[in-house]
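Enquirer: Dropping the structure in here first, questions after.
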Amino acid sequence: MSGPSPFSTPRRTGPAGPLSGIKVLDLSAYIAGPYGCSLLADQGADVVKIEPPGGDNLRQYPSTLAEENRAFLGVNRSKQGVVLDLKQDGDRAVLLELADQADVLVHNFRPGVPERLGIGHDALAARNPRLIYCAVTGYGEEGPLRAKAGYDQVLQAMTGMCVLQGPPGTPEITYGSPVDYYAAALVAAGVASALYERERSGTGQYVGVSLLRSALTMQSARLIRAEGEDPGISRDMRSGGITGLHPTAAGHLYLSANTPRFWRALCERTGLADLLDDSRLDTVKGRAAHADEIIPRLRAALTAKSATEWEALLSDAVPCSVARSIDDMFDDPQVAAEAMLSDIPHPVLGSYRGVTRAIKFGRTPGPEPFSAPLLDEDGAALRQGKDDRAR
């Protein structure tokens, strides 16, 4: 393609970011790949989201937001949107032309699918040797599960997260898609590292991110087994429940009191100073071993005040927080001070308030966010530009 880049958009305004000028094709769906591309967009990259005719399936998920999908908006900010049916020769040709111009391509097809579509790593690298080709898979590139579909909560269940999250004998899912979001961070980090290496070698490369690797990496503090160690040994890192959520006279309060300084402050400010005289409780291990003695007394003390009152009383002497709702974050003074949320114009909703830059850069803060695309919002402009250049 010649003429104006199909990656450019008038919606991209504001200061440059460290990745300004980098062109990204996002062929992925759901959360891990798409949000990884949004993190790149936050840093200035120009991202074109390629969707099949029915759209990213995340658009169809339940949402209390009228006329739009809350999850899709949150995961796909600052991208152009184009629909291409990669099973059709003409649309596949358009994608190949875009890939010739791109610096990065991200997808989450199962292994083997890109090759069948003619957009595997080897085929695209032969056309564009500088291309960073990032594949997000469920289980990786090799092994008996390589072709299996992977999803956040499936990987939570597989990798021990659910068993450790719930009480003994009752596995529990952690909601909020932590595996997907951690994988997204690995997508952004892996792509950025590959771009940095390309500056030295002049050549792109394959970058592989899997939900399995993400789920295991998140648990690196637990995934340690010494030689000769009993395979069934407890790997729970929790401190007996003293550090954790506790009911109060009104609301719940999270407390963290693992250091000697914080333990002392907690005891003194809750009227439990006599516990400081018990040498059995001098360490985190000791307190965990005697949690059944400590927790009833601590919770009885906490019933004297509300969670908000305790938060103010403990202040910075004991790390703590009221268990708030996510809605509270829209008006939180610390969130406001950090400018972590922005009002983003949207062609259907008028505007919405959402997350902006996740990383702070002093010299190149990055452009302003813009809304996730409507389905095929930029497709007409892309096709018109292609027709104009063909004349």
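Enquirer: When region 155-169 is examined, which residues are found to be at pLDDT 95 or above and more than 15 Å from Leu223 (Cβ to Cβ)?
Expert: Listed by number, the list holds a single entry, Ala157.
Enquirer: Please work out which residue is surrounded by the fewest Cβ atoms within 10 Å (Cβ to Cβ), limiting yourself to region 147-188 and to residues that are aromatic (Phe, Trp, Tyr) and in contact with an Asp or Glu (Cβ under 9 Å, 6 or more places away or on another chain).
Expert: Checked region 147-188; the qualifying residue surrounded by the fewest Cβ atoms within 10 Å (Cβ to Cβ) is Tyr151.
Enquirer: Next up: Identify all residues within region 339-367 that are assigned to a loop (DSSP other than H, G, I, E, B), free of Cβ contacts under 8 Å to residues at least 24 places away in the same chain and loosely packed, with under 12 Cβ neighbours inside 10 Å; write none if there are none.
Expert: Matches in region 339-367: Ala339, Lys360, Gly362, Arg363.
Enquirer: So, one more: Being out of contact with any strand residue (DSSP E or B) (no Cβ under 9 Å at 6 or more places or on another chain) and closer than 18 Å to Pro247 by Cβ is the filter here; which residues of region 305-356 pass it?
Expert: Lys305, Glu309, Ala312, Leu313, Arg324, Ser325
Enquirer: Among the residues of region 229-238, is any basic (Lys, Arg), surrounded by 13 or more Cβ atoms within 10 Å (Cβ to Cβ) and over 21 Å from the mean Cα position of the chain (by Cα)?
Expert: Yes, the conditions are met somewhere in region 229-238.
Enquirer: On to the next question. Looking at Leu276, is it in the same structural domain as Leu145 (by TED's automatic domain parsing) and either closer than 23 Å to Ala157 by Cβ or touching a helix residue (DSSP H, G or I) at 6+ places or on another chain (Cβ under 6 Å) (or both)?
Expert: Numbers: in the same structural domain as Leu145 (by TED's automatic domain parsing): no; either closer than 23 Å to Ala157 by Cβ or touching a helix residue (DSSP H, G or I) at 6+ places or on another chain (Cβ under 6 Å) (or both): yes.
Here the answer is no, as Leu276 does not meet what is asked.
Enquirer: Considering only region 256-279, I want to know if a residue exists there that is more than 30 Å from Ser306 (Cα to Cα) and more than 24 Å from the chain's Cα centre (by Cα).
Expert: Yes: region 256-279 contains one or more residues that are more than 30 Å from Ser306 (Cα to Cα) and more than 24 Å from the chain's Cα centre (by Cα).
Enquirer: Here's something else I'd like to know. Kindly indicate which of Ile242, Ile224 is more than 26 Å from Asn128 (Cβ to Cβ), surrounded by fewer than 15 Cβ atoms within 10 Å (Cβ to Cβ) and of a type in the set (Val, Ile, Thr).
Expert: Residue meeting the stated conditions: Ile224.
Enquirer: Looking at region 174-196 only, could you name the residues that are in a helix (DSSP H, G or I), out of contact with any Ser or Thr (no Cβ under 8 Å at 6 or more places or on another chain) and aromatic (Phe, Trp, Tyr)?
Expert: Scanning region 174-196 gives Tyr181, Tyr196.
Enquirer: If you don't mind, another one. Answer yes or no as to whether Tyr182 is in contact with a helix residue (DSSP H, G or I) (Cβ under 8 Å, 6 or more places away or on another chain), modelled with pLDDT of 95 or more and over 20 Å from Leu39 (Cβ atoms). Steps first, answer last, please.
Expert: On the way: in contact with a helix residue (DSSP H, G or I) (Cβ under 8 Å, 6 or more places away or on another chain): yes; modelled with pLDDT of 95 or more: yes; over 20 Å from Leu39 (Cβ atoms): no.
For Tyr182, the condition - in contact with a helix residue (DSSP H, G or I) (Cβ under 8 Å, 6 or more places away or on another chain), modelled with pLDDT of 95 or more and over 20 Å from Leu39 (Cβ atoms) - is not met.
Enquirer: Which condition does Gly81 not pass, out of (1) outside any helix (DSSP H, G or I); (2) in contact with a Phe, Trp or Tyr (Cβ under 6 Å, 6 or more places away or on another chain), if it passes all the others?
Expert: The number of the failed condition is (2).
Enquirer: List the helices (runs of 4 or more DSSP H) inside region 84-173, counting only whole elements, that have at least 2 residues being in contact with a strand residue (DSSP E or B) (Cβ under 9 Å, 6 or more places away or on another chain).
Expert: The helices (runs of 4 or more DSSP H) meeting that bar are 89-101, 113-117, 121-127.
The values are calculated or read from the model by the stated rules, or taken from the named source; none is laboratory data. Quick caveat, the model's predicted, so the values are computed rather than measured. Cβ coordinates were reconstructed from backbone atoms using ideal geometry, including for glycine residues, and neighbour counts include every protein chain displayed.
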